[in-house]
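A.B. asks: Got a structure for you, questions after.
The values are calculated or read from the model by the stated rules, or taken from the named source; none is laboratory data. Bear in mind the structure is a predicted one, so any value in this text is a computation, not a measurement. Here the Cβ positions follow ideal geometry from the backbone for every residue, glycine too, while neighbour counts run over all protein chains shown.
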Amino acid sequence: MMNAELNIKERSFSFAVRVVKLCKSLEAQGRVSKILANQLLRSGTSIGANVEEAQAGQSKADFIAKMSIARKEARETHYWLRLLRESEIVTEGQLFEIIKDVDEIIRILTAIVKTSQTRSASVTNAKG
């Protein structure tokens, strides 16, 4: 397993733990916060779940598909975090680090997907 893949596996799990803790605190803040917490919880924990599934992918295409889904979930998570910040449900200071983390996760996943697609295309072209 490449370093980036190991790194993203650990980072996405740690990130999911942070999302769970944030959502627990949002649950007590009322109806809107609770609804947004559910959305954030689903997307924020799905990142790591898809990374885990990618590690056991049945093919390179399956690996790329799962990592791509993880990247989409990370982007959705970024959206919910921004919404929480801009709607002043959670302060900028409270979200600064977690938004920075999801940005880094998106960059790592993008690099993994692009590298995997390039390698997959090279193998396909070499066979052809």
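A.B. asks: Which of the residues belonging to the range 38-64 are farther than 19 Å from residue 97 by Cβ, under 14 Å from the mean Cα position of the chain (by Cα) and of a type in the set (A, V, I, L, M, F, W, C)?
C.D. replies: Of everything in the range 38-64, those that are farther than 19 Å from residue 97 by Cβ, under 14 Å from the mean Cα position of the chain (by Cα) and of a type in the set (A, V, I, L, M, F, W, C) turn out to be 49, 51, 54.
A.B. asks: For the range 96-119, enumerate the residues that are surrounded by 15 or more Cβ atoms within 10 Å (Cβ to Cβ), within 17 Å of the chain's Cα centre (by Cα) and free of Cβ contacts under 8 Å to residues at least 60 places away in the same chain.
C.D. replies: 99, 106, 110, 113
A.B. asks: While we're here: Assigned to a loop (DSSP other than H, G, I, E, B) and either touching a His at 6+ places or on another chain (Cβ under 6 Å) or under 27 Å from residue 118 (Cα atoms) (or both): does that describe residue 48?
C.D. replies: So residue 48 fails the test.
A.B. asks: Is it true that some residue in the range 64-79 is in contact with a Phe, Trp or Tyr (Cβ under 9 Å, 6 or more places away or on another chain), assigned to a helix (DSSP H, G or I) and modelled with pLDDT of 95 or more?
C.D. replies: The answer is yes; a qualifying residue exists.
A.B. asks: Further question on the same structure: Can you tell me how many residues within the range 9-36 are of a type in the set (A, V, I, L, M), touching a helix residue (DSSP H, G or I) at 6+ places or on another chain (Cβ under 6 Å) and closer than 15 Å to residue 97 by Cα?
C.D. replies: Result for the range 9-36: 2.
A.B. asks: Turning to a different aspect of this structure: Any chance you could count how many residues in the range 5-43 are under 17 Å from residue 84 (Cβ atoms) and surrounded by fewer than 16 Cβ atoms within 10 Å (Cβ to Cβ)? Even if it seems obvious, please write down each step before you answer.
C.D. replies: Restricting attention to the range 5-43, the residues satisfying the condition of being under 17 Å from residue 84 (Cβ atoms) are 15-16, 18-43.
Okay, now just the ones that are also surrounded by fewer than 16 Cβ atoms within 10 Å (Cβ to Cβ), so 18, 20-21, 24-25, 27-32, 34-35, 38, 42.
Residues that pass the stated criteria total 15.
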